Every structure is written in structure tokens, then in C-alpha cells.
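This report refers to the structure that appears directly beneath it.
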Amino acid sequence: MTIHSAAETGPAIVLRTRPLGESDLLVVLLTPGGKVEAAARGARNSKRRFPGGLPSGLRGLATITRGRGTLARLERFEATAHHSPVGRDLDRFAYVAYLCELTDELVLGRHPDPLVFAALCTALEAVIGGTPRPGQLRRYELALLTGLGLLPALVDCCACGEPVAPGPGDTVAFDAVRGGVLCLTHGRGAPRLPVAVLAAAQQLVQGEDPAPLEEAPVAERRALRDLTQSALKAHLRRPLQSLSFFAALARPASASPETGQEPGESEAQ
């Protein structure tokens with residue numbers, strides 16, 4: 001959505017808000033045309049222009065104008081997708097908070113990126129309209145990295161460009177800081193990933209359904225989580241506050257016999 005002096009209405013997702021004066025809000029939106037910051041006058045009181053408020057993850061149609069100043073104005077936001085389940089379920093709340101904070105932190109400026117917008121819409125629909133699953137986060141994380149041109153190498157060695165062959169124990173060297181997978185020559189001393197984990201990441205990059213991941217061994221699911229998290233941390237300027245939700249939601253007692261999950265640990269983290 002390109003913003004001109006006249007009001008324009010287009011699809012948008014609320015990423016974040018903060019108070020701006022007594023009754024106004026500063027709203028950060030993701031649109032197909034990029035990220036936009038806009039002042040919503042009277043948003044904390046107006047139920048006519050902003051029915052249901054402006055919670056993070058809300059999808060709808062935003063009417064935006066560009067005034068004389070540099071800050072755009074959000075005149076109205078009309079929800080087009082059901083959002084109420086987020087307020088009734090802590091798991092959904094945690095997932096939505098993470099998706100929005102991650103996007104807000106990595107997407108910079110008003111650069112058109114309809115693929116990232118579409119990927120976030122898909123992820124939000126999956127976790128709000130269905131059962132939140134860690135695999136849905138993994139697919140979005142990889143889609144976001146791809147859309148921003150930050151995806152680590154998953155096929156050819158990031159050092160020499162040669163195809164990577166499995167090494168000892170059917171594993172592959174992977175170092176997100178260096179740029180991804182590494183061949184046997186350049187991967188000496190680097191952390192190693194099971195080939196199955198790398199294959200799962202490649203499938204998610206292609207947009208495949210993450211549901212089959214639920215049947216994978218716990219160790220592989222955690223390794224996939226570690227792969228995406230290490231790739232993201234290489235580009236994040238600060239730790240994400242939303243990750244604390246997952247730690248708080250993890251079972252506080254002994255490790256789960258069904259998942260092997262340790263206290264305070266979540267596959268979604």
C-alpha cells in the first residue's frame with residue numbers, strides 16, 4: 001500500500017502500538033507495501049473508527065493518510081479476520097506476540113514486500129484459526145528470512161559454494177554466523193545438524209505443510225528450532241521479549257514423558 005496525501009485503504013496487520021498522548025496511539029502496521037508507522041487519533045476511546053481496538057496481530061483494512069508531517073495518520077481500521085481467540089488462549093497470545101515482534105524487529109522501512117505480508121497472514125491464520133504448533137513458527141521464520149534475503153545456505157557450502165555431502169553420523173556442518181551449511185573441508189569444528197533436520201528446513205522454505213513435523217522425534221524438532229533461531233539471532237539487534245511467554249508457558253514440573261521437554265523449555269522458543 002503506497003501512501004499519498006489522499007486517504008488510501010488497503011490490507012494491513014497491526015504489529016505494535018504504544019500510547020501517544022492521552023487518547024492517541026502510535027500504530028506500527030505491516031502492509032504489502034512495507035512497514036508503516038501511523039498516528040491513530042483518539043484510538044484509545046473511539047469504537048466507531050477502531051472497533052475492538054488495535055491488538056497486535058489484528059488483520060484488516062487500514063485507511064491511512066499522509067499529512068504535512070512525516071508521520072502518517074491511521075483514520076480507520078476495519079478487522080477482516082476473527083481475532084477474539086487470541087484473548088482467550090495464552091498459547092495463541094504467545095504465538096501471535098512472537099510473530100508480530102519478530103516481524104517488527106526484522107522488517108525495516110517502507111519497502112514493498114508482499115511475500116512477507118502474505119507469509120505473516122498465513123502464519124496468523126494458522127495459529128489463530130487452528131491449533132498453534134511450533135512447525136508453523138518454523139515455516140514463517142524461514143519465509144521471513146527468505147523474503148528479506150537473509151536465509152542461510154541450506155544446500156551448497158556457504159564458504160566455497162560446493163554441494164554439501166553428509167558427514168559422520170549422517171550430519172551436516174551448520175554455522176548461521178558464517179552463512180549456513182559447510183562442506184567437510186570448511187566445516188571442521190562447526191556444530192552439526194542431522195540431515196533430516198536440514199531436509200525439513202528445505203521443505204518448509206518451499207512452503208510445504210509443517211504438520212508432518214509433529215511426528216518427527218523431539219530431538220529433530222528442537223534441532224530445527226535451533227537452526228532457525230540461530231539464523232534469526234544473527235540479524236536481531238536485541239533479544240525478543242515475546243520469547244519469555246514460551247518459557248512461562250512451559251511445564252514448570254518435571255520433564256514431560258510424552259515430549260521429553262525439560263522444565264522451562266518450549267519447542268516454540
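The values are calculated or read from the model by the stated rules, or taken from the named source; none is laboratory data. The model shown is predicted, which means the values in this text are computed figures rather than measured ones. Note: ideal-geometry Cβ built from the backbone for every residue, glycine included; neighbour counts use all protein chains shown. Please note that ligands, DNA and RNA were not included when accessible areas were found on the heavy atoms of the full protein model with its side chains. Shrake-Rupley method; radii C 1.70, N 1.55, O 1.52, S 1.80 Å.
Numerical summary
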{"read-out": "Arg66 being basic (Lys, Arg) and out of contact with any His (no Cβ under 9 Å at 6 or more places or on another chain)", "value": "no"}
{"read-out": "Checking Ala201 against (1) open to solvent by less than 50 Å² (accessible area, probe 1.4 Å); (2) over 21 Å from Gly179 (Cα atoms), the condition it does not meet", "value": "(2)"}
{"read-out": "Strands (runs of 3 or more DSSP E) wholly inside the stretch 1-100 that include at least 3 residues being of a type outside the set (Ser, Thr, Tyr) and open to solvent by 50 Å² or more (accessible area, probe 1.4 Å)", "value": "8-20, 72-79"}
{"read-out": "Residue list for the stretch 141-176, restricted to those being charged (D, E, K, R) and farther than 21 Å from Asp113 by Cβ", "value": "Asp156, Glu162, Asp170, Asp175"}
{"read-out": "Residues of the stretch 160-176 that turn out to be assigned to a loop (DSSP other than H, G, I, E, B), crowded, with 18+ Cβ neighbours inside 10 Å and in contact with a Cys (Cβ under 8 Å, 6 or more places away or on another chain), as a count", "value": "1"}
{"read-out": "Hits in the stretch 177-195 - residues which are open to solvent by 50 Å² or more (accessible area, probe 1.4 Å) and in contact (Cβ under 8 Å) with a residue 24 or more places away in the chain", "value": "Val177, Thr185, His186, Arg192"}
{"read-out": "Single residue of Ala201, Ala173 found to be at pLDDT 95 or above, within 14 Å of Pro152 (Cα to Cα) and out of contact with any helix residue (DSSP H, G or I) (no Cβ under 9 Å at 6 or more places or on another chain)", "value": "Ala173"}
